[in-house]
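Have a look at the structure below, then the notes.
Just so it is clear, none of the values below were taken in a lab; they were calculated from the coordinates. Bear in mind the structure is a predicted one, so any value in this text is a computation, not a measurement. Heads up, the Cβs are rebuilt from the backbone with ideal geometry, glycines too, and the neighbour counts pull from every protein chain shown.
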Amino acid sequence: MSRWRRPLLVALAVLLGLTVAGHRVVSDVRSSAATSADRLPSGGPVELRPLTSDCSGGHVVLSFDDGPRQHTGELLDRLRDLGLTAVFFWSGHNIEGRGELVRRAVAEGHLLGNHTQSHADLTTGELPSGERVTPWGDAQIREELRRASELLVAKGAPEPELYRPPYGAVNQQVDYVARELGLRLVMSFGRDASDGLVDSHDTEGISAEEIAANVIGPMRDGSIITMHDGLGQATLNSIAALQPIVDAMNERGLCATTEVRPDATGRMLEPGASGAQVPSSAPKASANG
Ligand SMILES: [Zn+2]
């Protein structure tokens, strides 16, 4: 932000601090890594405006990929304080040692889905490290999905019924194996806006305001919104973006649901098609995917 706006915002924050009666007040999410543009000007408590919508405008699904990680507790706090429930697509390698977060998410009404064991590209076997599992076929795809589901169940979650392929990398073979395991595809992006899959682009180093704008613009009844529960400032910005998103939901009469509509495939798997269906413009490069 411009330097001249900061005194104005500090004054506004002080004013808000004086008018918190009747509203939920919590400490804002902050990090030592925060930039001045991302830090709350007051450094003090922030007033939250929870969801109060009457649902007359319909429902949206908020989804968060890649957790549980360092800021998952803060994300769960903010979702609770804003009156939101969400769908989480978690990876097995992040679940180890974080069973308490699995149980908390379930207890607070969230739905847990499968995001593979190793965050592997299910079409190629490429791991986040850049290494590639060889050979790569049905057995390896099945293992990636099966292990993550089993871990979620072992930590107290219901058997997952949804999966989201890392990087949006999916093809007929992957989906066939997933279906055999009782998993239904939920894509993170579609071919175009008509698919109702809203990508927040929150892994791309953008501000909370930009994340919120990416969501609020296309958000409507039936939208499935993709955000990330990843690492560092990107996730803090995603958490901070939830308030303006809730404000827009209240204005539009939208509520949050964890019931994912059956056509959440983003049309990536056309009947009869074979091979990878991810368009070349897909955000494959996203580190968090
Ligand atoms: Zn991912």
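Between Thr52 and Ala139, the simple spin-label model (points 7 angstrom out along Cα→Cβ) gives 6.0 nm. The base-10 log of I(q)/I(0) for the range 54-256, evaluated at q = 0.10, 0.16 Å⁻¹, reads -0.40, -1.03 [Debye formula, identical scatterers on Cα atoms, solvent excluded].
Need the full-extension length gain, Glu159 to Arg132, defined as separation in residues times 0.36 nm minus the C-alpha distance. One decimal, nm.
Values: separation 27, 0.36 × 27 = 9.72 nm, distance 2.83 nm.
Working it through step by step, the gained length comes to 6.9 nm.
At full extension, Ala193 and Ala248 could sit 17.9 nm farther apart than now, given 0.36 nm per residue minus the alpha carbon distance. For the pair the range 137-178 and the range 87-135, the centres of their Cα atoms are 9 angstrom apart. Let me have the relative contact order for the range 126-256, percent, based on Cα pairs under 8 Å that are six or more residues apart. Once normalised by length, the contact order is 17 percent.
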